[in-house]
Structure formats: C-alpha cells, structure tokens
Amino acid sequence: MLIRFCRRPGLFSEAVNHYQAGRLDAARVVCKSILAQQAEHAHALHLTGVIAMQQGDLNEAERLIRRALQASPAEVGFLNTLGSLLRRQGRMHEARVCFEQYLELVPKDAEVTCNLANLLKSEGELEQAARLYRQVLTWNPQHLNARLSLAYLLRRQGALSESEICFREGLSQGAMMPQFIFGLGLVLAGQQRHEEAEQCFRQLLCIEPMNADANFHLGNALHVRGLISEAEHHHRRCLELNPDYPEAWNNLGNDLRDQGRLDEARYAYRKALHLKPDYMRAHSNLLFSMLYDMADSQAVYEEHLQWDNMHAAGFQALYKGGSHDAGPERKIRIGYMSPDFREHSVAYFIEPILVAHDHSCFEIYCFSDVSRPDAVTARLKGYTDKWLDISTCSDEAVAETVRQEGIDILVDLAGHTSHHRLMVFARKPAPVQVTYIGYPASTGMTAMDYRLTDEWADPIGQERCHSEKLLRLPGGFLCYTPSADAPQPAPLPYAKNGHISFGCFNHLSKVTPEVVEVWSQVLQQLPGSHLVLKHISLQDAKVRERYLQMFEENGVAGDRINILDWSASVGEHLSCYSQVDIALDTFPYNGTTTTCEALWMGVPVVCLKGKTHAGRVGLSLLESAGRQEWIAGNKQEYISLALQLAADPEKLIELRARLRQALAASSLCDRSATTHALEDVYRSIWPEFCESEA
C-alpha cells in the first residue's frame with residue numbers, strides 16, 4: 001500500500017521523517033504533540049491513523065482516518081488510505097466505494113487504480129481487474145506492479161501464453177525482479193515446459209539462495225523430468241528453510257515414493273497432514289502409498305475411512321435431493337468424471353466403454369478435468385452425447401453442474417490418484433454414485449454407493465474392506481483397447497541374445513524389496529539370464545544405483561540388470577518389448593496397463609495373485625485373457641512358472657506370433673460384451689434408486 005504524505009514545514013515534517021525512517025513511536029509522539037495544539041490537524045490525524053493500522057489497531061486507525069477526512073475533505077489521498085484499511089478489515093464493498101470515489105476525482109492515478117484492481121481480483125472479478133491493470137499500462141507501460149499483477153492474474157485465469165508474454169515483457173524492461181522470474185517459472189511449468197521452468201527457478205536461486213518457494217518449485221520441475229534424487233534435494237532444502245511447509249512435505253513424499261522408499265514417503269505425507277490436517281491431497285497420497293506394500297488390508301481400509309471422516313463426510317449436510325425424474329423407463333444419464341481423458345492408462349480402458357455404449361438407452365456425459373487436451377481427448381469427446389470441461393471449475397461448481405445436467409449415475413474414474421475430484425462426489429450431486437477404474441481400492445466414502453469390480457479381483461468376502469457395495473461384472477471388469485501406435489511384435493530376443501531376458505516396465509514404487517528378492521531368485525536359478533527394467537525414475541543415476549545395489553545384495557550382479565531409457569512416445573515405449581522374452585509382474589500391487597501392453601506385444605506375463613484388489617488385478621486380466629496358466633498362488637509357484645516359460649524357447653516363439661491375435665479375441669478386448677454387462681448393472685441399480693424414491 002502506497003501512502004502519500006503532504007510535507008509541511010515544522011513539526012509535521014519531523015513526524016514524516018520519523019515515520020519514513022521506521023521510527024513509528026517517535027512519529028506518533030510528534031503527531032500527538034501537534035494534535036494537542038490543533039485537534040483537527042488533518043495530516044497529523046491521517047499519519048497517526050496509518051501508524052495505528054501498521055501496528056494492528058484497525059479500529060483506532062479507522063476512527064482517526066475518518067476524522068482526517070472530516071477535517072479536510074479535499075485531501076482525496078485519505079480516501080485511498082481508508083479504502084486500503086477497509087479492505088484489510090474484509091469490508092470489501094466499503095473499500096471499493098472509497099477507491100471509486102477517489103478515482104472519480106483523480107481518474108488516472110495508477111496506484112489507486114491498482115489498489116481497486118487488487119480488490120476486484122480478491123473478490124473474483126478477474127475480468128474487471130485485468131481491464132484496470134491494462135488501463136494502467138496504457139498510461140505507463142513501465143508500471144511494473146501493474147504488469148506483474150496482470151501476469152499473475154492471467155495465469156490464474158489459465159491464459160498461460162498471454163501470462164508468459166506479460167512476464168517476459170516485464171523482464172525485457174530490465175526488471176529482474178524475483179517476482180517476474182518466479183512467475184515466469186510457474187507459467188512455464190503450467191505449460192509442461194519443465195526444463196525452461198527449471199532454469200527460471202535456478203536463476204532465482206542465484207539471486208535469492210534462501211528462497212524456500214524457489215527450491216520447492218525447482219524440486220517440482222525436476223521431479224516431472226525424472227530427476228528424482230535432485231528433486232528430493234531441493235524439497236529438503238525448502239524444508240530446511242521453512243520446516244512448516246506442508247506442500248513441500250507432500251512433494252517430498254512423492255519423491256520418496258517414486259524411488260520406492262515407501263516408509264519414508266509415508267512419514268513425509270503424515271508430516272504434511274500434521275501441519276495441515278485438512279490437506280486432502282496429501283492424505284490421498286498417503287492412502288495410495290499404502291497400497292504398494294502394506295499387508296494389513298484392514299489398516300489400509302481404516303485409513304481410507306479416516307480420509308472420508310476428515311475431508312468428505314462433513315459435506316453430507318449439503319446433500320441436495322434435487323428434482324430428479326426418477327422414472328425407470330427413460331434414458332439413463334451416465335456421467336463419467338476423470339482427469340485422465342487424455343494419453344493415459346485410464347483412457348485405454350474407458351475408450352472401449354464409450355465406443356460401445358447404447359445411446360438409445362443411455363445419455364453419456366463426460367466431465368473432463370484435463371487442463372491440456374490432446375488427440376486422445378478429442379477422440380474420446382466424439383463418443384459422448386455431451387462433453388463438459390471442468391478443468392478450471394471448483395468442486396462446488398462442478399457438483400452444481402452435475403445437478404443441473406440431471407446426471408442419474410455419476411462414475412468416478414480416479415479414486416485417490418492425482419488430480420481426483422472425490423470432493424465433488426462428497427457433495428452427492430447425483431442420486432447414484434459409482435467408482436470404477438483408476439484406483440485399486442475402496443474410496444472409503446459414505447457418499448460413494450457402489451464399486452465396479454469382478455469375482456477375480458474382489459471375491460466374496462472382500463466387502464469387509466469396502467465402504468461401497470460391490471458390483472461384480474461377469475467376464476472381467478476391465479476391457480482393454482491397445483494403442484493404434486503399437487508396432488508389430490518383434491522376434492523373440494532370446495534368438496539373438498542367446499539368453500532369456502525377463503522384464504518389467506511397471507511403476508518403480510511397485511518394485512519393492514520383496515519383489516527384488518523374488519526376481520533375484522529367478523535370475524539366480526537361471527544363470528546367464530537378464531532382467532530389463534524401464535521407468536522414468538530410473539533415469540536418475542542415484543535411483544539406478546540404489547536398485548542395482550538391491551539386486552547385488554540379493555546375489556545378482558549389476559551387469560545382468562538392463563535399464564532402458566525413457567520413451568518419448570507410446571510407440572517407442574511398446575517397441576521396447578522387443579528386448580523382453582518374459583514379463584514379470586509386481587506384487588502385492590500388480591500392473592494393469594503394463595500387463596495388457598506386454599500381452600499385446602506377444603510377451604507372456606507371470607503374475608502372483610494376492611489378497612486385495614491391487615494384488616488381484618493381474619489375476620483378473622489373465623483370467624479374462626484366457627491365460628490362467630501364468631497365475632501363481634505363492635512366490636515359489638511364481639518362480640517356477642517363470643523358469644518353466646524360460647525353459648521352452650520354442651513355446652515363446654509361438655506365443656510371440658499368436659498372442660496378440662488370441663488377446664484380441666478374448667473377453668479382455670471384447671468391448672461389446674463388457675459394455676453390455678456394465679449397462680446391465682446400470683439398468684439394475686437405477687430402478688433400485690427409483691423404487692427407493694417412490
């Protein structure tokens with residue numbers, strides 16, 4: 001806030017000197033002396049009010065500034081001070097009136113125009129605020145505060161390209177202000193230009209090495225690029241500078257999780273929650289991390305229930321019955337909600353459903369939380385009756401949109417994964433709510449009515465670990481559509497290498513010490529064999545070294561572990577299966593997309609079935625694919641199956657040639673049968689709701 005003082009000779013000039021030097025008490029004493037002689041000295045009253053405001057006595061400050069205005073109504077600058085005070089008190093309408101009255105008298109005052117714009121921005125009137133900032137820049141293109149404020153506002157509106165231009169214009173004017181560099185880094189990161197963002201944050205740290213926020217965002221940019229250990233370093237540095245930074249604890253947890261350091265990751269998530277108990281995203285990350293290696297399914301479930309109790313259950317009081325037409329005979333409106341309607345694993349399993357839906361009986365809506373749509377987004381959009389972009393909408397706004405659209409059955413496709421919208425479901429905007437693909441466990445939510453699964457992934461008895469009622473689809477709950485960019489299966493690498501190459505391209509968090517131990521036994525029992533690993537985290541040298549060390553501790557030399565480079569495209573990624581003879585699935589958290597991709601590329605997959613959904617997805621996939629012979633019931637069977645496959649190269653060559661065709665003909669790729677089964681479920685649960693309403 002800019003405060004302007006009229007310099008007058010004598011005592012008041014002395015008071016202003018004290019104030020500007022930071023000697024507030026001395027300035028107040030001088031003003032008191034002036035007021036003892038001249039009780040309505042407007043400038044002394046005003047300065048005393050400003051000092052009271054800075055010292056936190058807002059009521060006294062208001063009293064004094066209003067007296068100053070009464071004493072000298074012509075001093076319009078007092079209106080600006082009063083407006084700033086009222087805004088600080090949260091009295092936005094009154095503050096706005098003060099700024100507008102001032103600007104009627106002094107129309108081209110840049111500072112007060114910015115004050116009004118700042119107020120409008122805080123009230124959500126973003127277009128009005130942007131107009132005022134631009135107006136200031138027409139008066140003075142060198143006004144850096146207006147340019148900076150406009151740049152940040154444009155970022156908030158999602159106009160990232162325009163925001164970038166604004167930040168760069170400020171920097172081109174020679175304003176190497178840390179705020180411009182920082183803001184440019186944020187905008188570049190928002191455009192997925194993480195290497196450029198990284199350079200901005202590094203530049204800022206050269207200027208301000210103790211800047212916790214710069215370390216935080218540098219860590220974020222490095223994490224996305226797969227430089228996980230360096231990301232961890234900067235998140236830890238951020239926490240050294242500011243230990244009470246919950247977002248940094250959360251993102252440190254993500255760094256540790258993606259290195260497979262799960263106990264440390266969970267400690268970091270819990271630290272974030274300790275600092276910020278309502279930190280819903282950190283709590284979801286904690287839940288997700290528990291699925292990778294925790295054997296106590298009841299404890300995991302109870303933590304999910306705790307998430308609901310802490311973050312979602314309180315919205316039950318806001319549930320609105322709405323004016324639904326509960327007639328069971330009309331078309332049923334299905335709404336699918338996901339942040340992954342894009343090039344993402346979820347798209348491989350929802351696309352066949354969207355393609356095969358019967359639009360004569362169902363109206364299909366998609367609520368897309370995709371900030372950067374791609375070709376997959378455009379393709380999926382074409383299969384729907386109505387597509388709604390919710391990427392810039394609040395949870396409450398999305399819930400209201402669901403209500404207005406009259407959605408009958410709202411389907412979650414994310415669970416507790418990144419960017420989920422479970423807080424929309426917490427508001428119960430649809431009469432029937434279902435969670436489906438995207439997350440291999442219960443949401444734990446009282447607002448979620450059903451969970452779609454099958455008899456293999458969730459056999460009878462699994463109800464005890466679900467807040468939702470389980471709906472089991474016959475023939476498997478998943479349907480896979482392979483990428484159109486998939487190359488043809490390559491010849492068996494054994495023929496060229498002379499040794500068997502096992503492989504796994506799963507998320508590194510799933511490759512736990514227990515998994516490494518079992519894989520090492522496979523390699524030890526088949527001398528000369530190799531293991532091929534691929535995940536973005538393995539691009540980090542320290543992460544690679546850690547995993548190679550784990551294998552060496554289990555008796556496997558590092559030169560038998562082949563780590564592949566990260567792939568820039570799906571086609572390149574799938575072509576890497578040309579280096580794998582047999583895929584080894586992870587446990588207790590199985591692969592899903594990776595298993596399907598391996599099978600599509602002609603590579604058999606050895607799976608160990610577990611006790612929870614996350615550990616039984618592999619079982620479900622192989623049952624649906626008609627490959628029950630690759631399912632192990634225990635670790636020893638898993639090792640034996642891997643060795644049996646490795647002992648028959650001729651069989652592997654035959655599989656390489658025929659597995660894709662067999663998979664395409666299996667129920668795992670039968671989109672018509674899967675979608676019809678799903679629609680039958682929808683037809684059964686909607687009349688149940690209608691009957692309950694009647």
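The values are calculated or read from the model by the stated rules, or taken from the named source; none is laboratory data. Everything quoted here is computed from the prediction, not taken from an experiment. Positions of Cβ are backbone-derived with ideal geometry, glycine not excepted, and every protein chain shown enters the neighbour counts.
What number of residues within the stretch 18-71 are in a helix (DSSP H, G or I) and within 22 Å of Tyr102 (Cβ to Cβ)?
Of the residues in that region, 26 qualify.
Where in the stretch 408-505 are there strands (runs of 3 or more DSSP E), lying fully within it, with 2 or more residues that are closer than 22 Å to Asp340 by Cβ?
409-412, 432-435, 450-453
Matching residues to (1) over 23 Å from Leu69 (Cβ atoms); (2) modelled with pLDDT of 95 or more:
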site	(1), (2)
Glu104	no, no
Glu111	no, no
Ser122	yes, no
Ala129	yes, yes
Leu132	yes, yes
Val136	yes, yes
Gln142	yes, no
Asn145	yes, no
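When the stretch 356-374 is examined, which residues are found to be of a type outside the set (S, T, N, Q) and assigned to a loop (DSSP other than H, G, I, E, B)?
Once the filter is applied, which keeps residues that are of a type outside the set (S, T, N, Q) and assigned to a loop (DSSP other than H, G, I, E, B), the stretch 356-374 yields His357, Asp358, His359, Cys361, Asp369, Val370, Arg372, Pro373, Asp374.
Give me the helices (runs of 4 or more DSSP H) completely within the stretch 615-694, filtered to those with at least 2 residues that are more than 30 Å from Tyr383 (Cβ to Cβ) and among the polar types (S, T, N, Q), ordered by residue number.
635-646
Testing Gln404 on (1) buried (at least 16 other Cβ atoms within 10 Å of the Cβ); (2) free of Cβ contacts under 8 Å to residues at least 24 places away in the same chain; (3) of a type outside the set (D, E, K, R), one condition comes back false. Which one is that?
(1)
Search the stretch 490-516 for residues being under 39 Å from the mean Cα position of the chain (by Cα) and charged (D, E, K, R), and hand back the single one that is nearest to Ala295 (Cα to Cα).
In this case the residue turns out to be Glu514.
State all residues of the stretch 72-103 that are in a helix (DSSP H, G or I) and among the acidic types (Asp, Glu); if no residue qualifies, say none.
Glu94, Glu100
In the stretch 214-234, what residues are outside any loop (DSSP other than H, G, I, E, B) and surrounded by fewer than 22 Cβ atoms within 10 Å (Cβ to Cβ)?
Residues satisfying the conditions are Val224, Ser229, Glu230, His233.
Can you list residue pairs whose Cβ atoms sit under 7 Å apart, with the first residue in the stretch 160-180 being farther than 17 Å from Asn140 by Cβ and the second being of a type in the set (Val, Ile, Thr)? Count only pairs 6 or more apart in sequence or on different chains.
Filtered contacts from the stretch 160-180: Leu160/Val187; Ser163/Val187; Glu164/Val187; Phe167/Val187; Pro178/Ile207.
Select from the stretch 331-355 the residues that are of a type in the set (Phe, Trp, Tyr) and not in a helix (DSSP H, G or I) and write down the one among them that is surrounded by the fewest Cβ atoms within 10 Å (Cβ to Cβ).
If we take residues in the stretch 331-355 being of a type in the set (Phe, Trp, Tyr) and not in a helix (DSSP H, G or I), then Tyr336 is surrounded by the fewest Cβ atoms within 10 Å (Cβ to Cβ).
So, in the stretch 474-494, how many residues would count as being hydrophobic (A, V, I, L, M, F, W, C) and either over 18 Å from Gly438 (Cβ atoms) or in the same structural domain as Met445 (by TED's automatic domain parsing) (or both)?
The qualifying residues number 4.
Among the residues of the stretch 530-538, is there at least one that is loosely packed, with under 14 Cβ neighbours inside 10 Å and modelled with pLDDT of 95 or more?
Checked against the condition, which is being loosely packed, with under 14 Cβ neighbours inside 10 Å and modelled with pLDDT of 95 or more, the stretch 530-538 yields no hits at all.
For Arg330, all conditions in the list (1) at pLDDT 95 or above; (2) within 29 Å of Lys381 (Cβ to Cβ); (3) of a type outside the set (S, T, N, Q) hold save one; what is the number of the exception?
Unmet for Arg330, out of (1) at pLDDT 95 or above; (2) within 29 Å of Lys381 (Cβ to Cβ); (3) of a type outside the set (S, T, N, Q): (1).
Table: residues versus (1) surrounded by fewer than 21 Cβ atoms within 10 Å (Cβ to Cβ); (2) more than 28 Å from Leu291 (Cα to Cα).
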residue: Gln628; (1), (2): yes, no
residue: Ile631; (1), (2): no, no
residue: His676; (1), (2): yes, yes
residue: Glu688; (1), (2): yes, yes
residue: Glu693; (1), (2): yes, yes
